[in-house]
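The numbers here are math on the coordinates, done by the rules we state, and not lab data. Bear in mind the structure is a predicted one, so any value in this text is a computation, not a measurement.
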Amino acid sequence: MTDESVRRIEILKEIPFDGEGDTLVNRLRKITLRGFPDIKIYENAKFEMVKYGPKDILSKLHTPQLRVYRDHLNRIGVLAALFLREGIDITNLDRGYDFIATSESGKETEWTMMPPVIERFSIPKTEDGRFDYENNEISADILKEALRKEGLWFNPDALAHRHTTSGIYDLINDGSHRVHYGYEKGGITVLRISNITPGFPYYAIPQKYNIRVFSTREEALNIPETKIHVVQEPAHKNLYRLFPSGGIKSGDVRLTKSK
């Protein structure tokens, strides 16, 4: 959440899952992409809450990043205990909560707690079983044109990666530390999104859930990066989902403002 643990929370608003007005679904439908601000990635998507146990996380989920940090997991544990005092189990959410977090230093920041976000989508295969980002709806004309304007194309490392499923992936999009916290604690409820706007895959490729836990981010600096971007630099993060622009500061990872 920050470099400090949270010492106090104040619930500002309970956010229903769906319906009229300010709901998680309505916020998510407004989310755009970093390099494509006119694309609402979840505008016509399907949303559902799904509970994954530890075995499900290992066997069914994929991740863009094969590392988490123990200090982050510990801070989530502190946050979970604070929410539990309010009668809210953050590993089993069916709605969201806007809240103020007060850190150890007394700094106040505003956040939204909601289930981790999982995207379900398909990636076509080449004849020899590699990821085929270059064909079918995974690379719609607008994506091709936008990349060509920059003189770029798909990352060769992504195109060389082989499928580990039939082609359908449940990929952790946001909240990877909370998913692993849930893995260690017996399971977690996630928000799974499908029927995503075609042509705009997640910005890093899905990898089988085989997480390595480091004590801190600094400890991992000398270890080669495990994230494989779909497109070449410097456009490698253009497909990133901009949660704050949709009004969501998801769980322990998105900050709005300081007081």
Skipping prolines and chain starts, which residues have an amide H placed within reach, meaning under 5 Å, of the one on Gly35, given they are 5 or more residues away or on another chain? Leu239, Tyr240
No solvent, one uniform scatterer per C-alpha: report log10 I(q)/I(0) for the range 6-246 via the Debye equation at q = 0.10, 0.12, 0.13 1/Å, two decimals. -0.50, -0.73, -0.86
For the range 35-92: rounded, prolate or oblate by the Cα gyration tensor [a/c cutoff 1.5]: prolate
Rg to Rh quotient for the range 1-146, alpha carbon positions, Kirkwood Rh: 1.02
Tell me what the chain gives for mean residue ellipticity at 222 nm when only DSSP H runs of n ≥ 4 count, each as -39,500 (n - 2.57), the sum divided by the residue total, rounded to 500 deg cm²/dmol. -5500 deg cm²/dmol
Any residue on another chain or 5+ positions along whose placed amide H is under 5 Å from the amide H of Trp153 is listed here as Gln232
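In whole percent, what relative contact order does the chain give with Cα contacts below 8 Å and a gap of six or more residues?
Values: 550 pairs, mean separation 89.3, N = 259.
Value for the chain: 34 percent.
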At q = 0.27 Å⁻¹, the log10 of I(q)/I(0) for the range 151-217 from a Debye sum over equal Cα scatterers comes to -1.41
HN-Hα couplings for the range 15-24 via Karplus (6.51, -1.76, 1.60; θ = phi - 60°), in whole Hz with x for Gly/Pro, come out as 10, x, 5, 8, x, 7, x, 7, 10, 4
Apply the Karplus parameterisation 6.51 cos²θ - 1.76 cosθ + 1.60, with θ equal to phi minus 60°, to every residue of the range 109-115 and state each ³J(HN,Hα) to the nearest whole Hz, in sequence, with x for glycine and proline. 9, 9, 9, 10, 9, 8, x
Give me the tail of P(r) for the range 63-185 as a percent: Cα-Cα pairs with distance above 27 Å. 41
Applied in sequence order to the range 164-181, the curve 6.51 cos²θ - 1.76 cosθ + 1.60 (Karplus, θ = phi - 60°) yields integer Hz couplings, x standing for Gly and Pro, of 10, 9, 5, x, 9, 10, 10, 10, 5, 9, 8, x, 5, 5, 5, 4, 6, 4
